[in-house]
1. Could you tell me which of 55, 83, 29 has its Cα farthest along the dipole of segment 25-149 towards the positive end, charges placed at Cβ (Lys, Arg +1; Asp, Glu -1), taken about the Cα centre?
2. Taking a ≥ b ≥ c as the square roots of the Cα gyration tensor eigenvalues, with a/c under 1.5 meaning rounded and otherwise prolate when a/b beats b/c, else oblate, which class fits the chain?
3. Can you give the FRET efficiency for residue 300 and residue 332, using 1/(1 + (r/R0)^6), R0 = 25 Å, r = Cβ-Cβ distance, to the nearest 0.05?
4. Measuring from label point to label point, each 7 Å out along Cα→Cβ, what is the residue 265 to residue 27 span in nm?
5. From the phi angles alone, apply the Karplus equation (6.51, -1.76, 1.60; θ = phi - 60°) to segment 224-237 and give each ³J(HN,Hα) in whole Hz, x where the residue is Gly or Pro.
6. According to the square roots a ≥ b ≥ c of the eigenvalues of the Cα gyration tensor, what is the shape class of segment 65-132, taking rounded for a/c under 1.5, prolate for a/b larger than b/c otherwise, and oblate for the remainder?
7. Quick one: helix 386-395 against the long Cα principal axis of the chain, what's the angle to the nearest 10°, folded into 0 to 90?
8. Could you work out which residue, out of 220, 61, 179, moves most in a Gaussian network model of the chain, that is, has the largest mean-square fluctuation with Cα springs under 10 Å?
Amino acid sequence: MIDAELIDQSNKARAAGLGRDVQNLAERLGRSAATSAEALVEALMAFSVAAPSWAVGTGGTRFGRFPIGGEPRTSEEKIDDVAALNALTRSNESISLHVPWDLPDDPAGLKEYGEHRGIRFDAMNSNTFQDNPSTTRDGAITYKFGSLANSEKAVRDAAVEHNKAVIDLGVALGSTALTVWLPDGINHPGQADHRTQFERVAAGLQAIHDHLPDDWSMYTEHKPYEPAFYATVNFDWGSSLLLAQAAGAKASCLVDLGHHLPNANIEQIVSRLAMVGRLGGFHFNDSKYGDDDLTTGSIDPFQLFLIFCELIRAGDGVLPQLAYMIDQSHNIKDPLEDLIQSTEAVGIAYAQALLVDRDALLAAQEGNDAALAQETLQAAFRTDVRPLLAEARRRSGGAVAPLDAYRESGYRAAKIAQRGMQSVATGL
């Protein structure tokens with residue numbers, strides 16, 4: 001693990017510079033109760049974004065996968081990696097499991113292991129996009145032609161039962177939410193009926209929803225294509241909203257930033273879902289073409305900022321309590337380094353959105369002053385808030401410069417020595 005002494009040594013070397021940067025920024029921001037440097041630091045200290053179990057391993061494409069080495073082989077080792085990440089950032093306090101890629105023999109023991117590492121369990125994720133031992137029954141059941149939308153009732157029932165089992169596992173682990181991403185759709189025109197598929201999925205989600213404990217939530221996650229390419233059942237936010245409404249009161253919509261066609265106005269989608277009370281959470285990443293799962297904020301940081309502006313708007317000036325998670329595929333980067341960079345990007349966008357003068361923005365909007373409205377947003381977006389994130393980490397016991405501290409720790413080399421070069425963290 002990455003111990004506090006190493007972080008403390010790393011921070012001492014940067015203490016003087018950080019102090020000057022924070023003081024200078026504090027003087028520029030002034031002493032408004034809502035947007036002072038102190039208020040922003042406190043807000044950042046309270047924010048956490050989950051890391052998924054699959055993101056601590058090397059990703060890949062359909063053309064190949066190039067392991068970095070030292071990837072976690074078990075759920076316990078995945079927790080170890082998230083704990084190391086959180087030791088540096090103090091903003092990744094939970095892990096989101098993926099079943100059956102994460103299927104512990106001893107859920108109570110795994111929960112205790114997470115508690116020992118200071119990591120809790122975020123939303124559970126069910127997998128019905130590939131055959132797996134918990135549902136295939138030696139080949140008698142297959143998801144080749146879909147899960148909840150499958151033409152065979154036995155397959156649909158198996159998919160429902162799998163999701164119920166994931167909920168039960170989550171209860172044992174202390175989770176309180178289920179994310180349902182469905183691969184169902186049509187690869188060839190005429191292969192299946194659009195309406196029939198949708199109605200079957202809606203019925204299946206309702207059955208899953210009825211199994212939820214009272215304090216649980218369920219998230220429907222849309223995606224325009226892949227693995228189905230001609231037509232995906234839950235292909236956009238409108239379909240996701242219809243499915244959530246059909247499922248029940250505990251269901252809402254999850255927005256994965258990469259699950260949209262190019263040039264989609266994601267911040268507007270956020271506004272619509274929040275307006276009707278069905279915005280459930282986010283999977284943060286970035287993309288150029290589709291579901292690229294690139295480092296959050298690496299392609300369009302302004303869009304990420306605008307999304308957080310809509311979130312602050314939905315929360316009447318504060319960030320609403322939704323499910324926030326980083327969902328990425330680290331094809332050539334060290335996964336932990338990429339997660340560090342993404343956590344930083346999310347924090348930057350959050351702090352910048354808090355800086356927006358909402359009264360001035362509203363006045364400009366109501367006055368049809370497009371130039372002043374843009375200037376109001378840009379004044380916040382162009383503010384370098386990184387010193388405040390560093391200060392929030394320092395006060396919480398994390399690293400001022402987490403990427404540098406991670407490299408100084410030698411963590412990856414140690415894990416390669418322990419786990420080897422060919423370990424795999426996902427089921428793909």
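Each value in this text was obtained by applying a stated rule to the coordinates, not by laboratory testing. A quick note: this is a predicted structure, and the numbers were derived from the prediction, not measured. Positions of Cβ are generated from backbone atoms using ideal geometry, with glycine treated the same way; all protein chains shown enter the neighbour counts.
1. Toward the positive end, the furthest listed residue is 29.
2. Details: a/c = 1.96, a/b = 1.27, b/c = 1.55.
Here the chain falls in the oblate category.
3. Details: r = 20 Å, r/R0 = 0.81.
Working from the Cβ atoms, E equals 0.80.
4. Each label point is offset 7 Å from its Cα along the Cβ direction, giving 4.2 nm.
5. Here the 3J(HN,Hα) series is x, 7, 5, x, 7, 10, 6, 7, 9, 4, 9, 9, 8, 5 Hz.
6. Numbers: a/c = 1.72, a/b = 1.22, b/c = 1.40.
Taking the square roots of the gyration eigenvalues as a ≥ b ≥ c, segment 65-132 is oblate.
7. So the helix axis and the longest Cα principal axis differ by about 80 degrees.
8. Maximum fluctuation in the GNM of the chain, among the listed residues, is at 61.
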